[in-house]
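As structure tokens, the structure follows; a few thoughts come after it.
The values are calculated or read from the model by the stated rules, or taken from the named source; none is laboratory data. Note that the structure is predicted; figures quoted are calculated from it, not measured. Reconstructed Cβ throughout: ideal geometry from the backbone, glycine too, with neighbour counts over all protein chains shown. The accessibility values were calculated without ligands, DNA or RNA, using every heavy atom of the protein model including side chains. Shrake-Rupley method; radii C 1.70, N 1.55, O 1.52, S 1.80 Å.
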Amino acid sequence: MVLSEPLLTIESLSKSFQQSQGAENILNDISLTLYRGSIVGIIGRSGAGKSTFLRCLNGLEKPDAGRILFGDQDLCQLNEVDLRKCRQKIGVVFQTYNLLQSKTVFDNIALPLILAGIKMPLLNQRVEAVADLVGLSDKLLSYPHQLSGGQCQRVAIARALAIETEVLLCDEFTSALDPETTLDILNLLLRLRQKLGLTIVLVTHDMNVIKHCADFVYVLDKGSVVEQGATIDILTHAQHPVTQSLLREFLKDQLPDFIVS
Ligand SMILES: Nc1ncnc2c1ncn2[C@@H]1O[C@H](COP(=O)(O)OP(=O)(O)OP(=O)(O)O)[C@@H](O)[C@H]1O
Ligand SMILES: [Mg+2]
């Protein structure tokens, strides 16, 4: 991959949470750069701090120290109004889709547009355009309970892209899907990157997701980046024990049962 210009630059990010036994460091001095149009994977064991890191990136958590530079703005220093505007460019999708069950697909996708004060007919045009991008034009009047898991995740992606999204943050977003549907959704992300120049951060336990999509990988352990590199290098020359053990599990899953047992 040829690197384009940096879109998000994270410098020395740290975050602690108050626990019963006192403040606990959850993220320690994390620095990384997201280049426009790149797909970056973040892997690590449960509790490593992956979701907390993602929540800092879209302003849901405030770091204790460090900077998150988006263009020339530091997300950590913005006031409420400017942060809200900035967050419109950063979409998030989760494992559980987080759709409103009593609303149609159209209304779910329209939600961020309504919150941003966008009115008809632009609202209509925008919902139809993103629904088309994710292949859901014929489901706009359906309700979430009438959709498959893969279709629900497409609605969540469309909703995350509804405004002028430049960065899409995905937290274990394929964990509830079967392998075939996961592949469909990953291919959709690759098409969206191609078409929109979208920059994507994938937090995942699943090395298949990394192998299929990510250009670059960061390995988090106990809140620190312990290894980073181009996906091919991580898959073939992992150095850190955590990366090696995640890879071992991945390779074991690829082998037929009679070899593993
Ligand atoms: N709001 C909070 N208050 C206190 N502790 C928190 C809070 N959010 C997260 N933590 C703690 O921070 C640590 C990292 O949590 P986080 O959810 O970021 O991990 P993760 O890497 O996403 O794990 P998983 O793979 O299981 O989703 C955990 O020990 C968790 O208990
Ligand atoms: Mg998590």
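Name the helices (runs of 4 or more DSSP H) wholly within the stretch 95-192 that hold at least 2 residues that are without any contact (Cβ under 8 Å) to a residue 40 or more places away in the chain, β-branched (Val, Ile, Thr) and more than 16 Å from ligand 2 (Cβ to nearest atom)? Steps first, answer last, please.
Values: elements: 105-115, 122-133, 149-161.
In the stretch 95-192, 122-133 are the helices (runs of 4 or more DSSP H) which contain 2 or more residues that are without any contact (Cβ under 8 Å) to a residue 40 or more places away in the chain, β-branched (Val, Ile, Thr) and more than 16 Å from ligand 2 (Cβ to nearest atom).
Could we say that ILE157 is open to solvent by less than 10 Å² (accessible area, probe 1.4 Å), away from ligand 1 (no atom under 16 Å from the Cβ) and not acidic (Asp, Glu) here?
Here the answer is yes, as ILE157 does meet what is asked.
Which is open to solvent by 20 Å² or more (accessible area, probe 1.4 Å) and of a type in the set (Val, Ile, Thr), of THR174, THR182, THR96? Outline the logic, then answer.
On the way: THR174 fails: open to solvent by 20 Å² or more (accessible area, probe 1.4 Å); THR182 fails: open to solvent by 20 Å² or more (accessible area, probe 1.4 Å).
Testing whether each residue is open to solvent by 20 Å² or more (accessible area, probe 1.4 Å) and of a type in the set (Val, Ile, Thr) leaves just THR96.
Keeping to the stretch 33-92, report how many residues are farther than 20 Å from VAL219 by Cα, in contact with a Pro (Cβ under 9 Å, 6 or more places away or on another chain), outside any helix (DSSP H, G or I) and of a type outside the set (D, E, K, R).
3
For the stretch 39-71, how many residues are of a type outside the set (A, V, I, L, M, F, W, C) and more than 8 Å from ligand 1 (Cβ to nearest atom)?
Number of matching residues: 9.
Please go through the stretch 40-89 and give me each residue that is open to solvent by 60 Å² or more (accessible area, probe 1.4 Å), acidic (Asp, Glu) and under 19 Å from THR199 (Cβ atoms), ordered by number.
ASP72 - this is the single residue of the stretch 40-89 that is open to solvent by 60 Å² or more (accessible area, probe 1.4 Å), acidic (Asp, Glu) and under 19 Å from THR199 (Cβ atoms).
Here's the yes/no breakdown for (1) touching a Ser or Thr at 6+ places or on another chain (Cβ under 9 Å); (2) crowded, with 17+ Cβ neighbours inside 10 Å; (3) closer than 13 Å to SER224 by Cβ:
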position	(1), (2), (3)
GLN21	no, no, no
GLU24	yes, no, no
LEU27	yes, yes, yes
ARG36	yes, no, no
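Taking the stretch 218-239, which residues are away from ligand 1 (no atom under 16 Å from the Cβ) and assigned to a loop (DSSP other than H, G, I, E, B)?
ALA238, GLN239
Hey, LYS15 hits all of (1) within 27 Å of CYS213 (Cβ to Cβ); (2) of a type in the set (Lys, Arg); (3) modelled with pLDDT under 95 but one; which does it fall short on?
Exception for LYS15: condition (3).
Filter the stretch 105-149 for residues that are among the β-branched types (Val, Ile, Thr), more than 21 Å from LEU177 (Cα to Cα) and open to solvent by less than 10 Å² (accessible area, probe 1.4 Å) and give the result.
VAL127, VAL130
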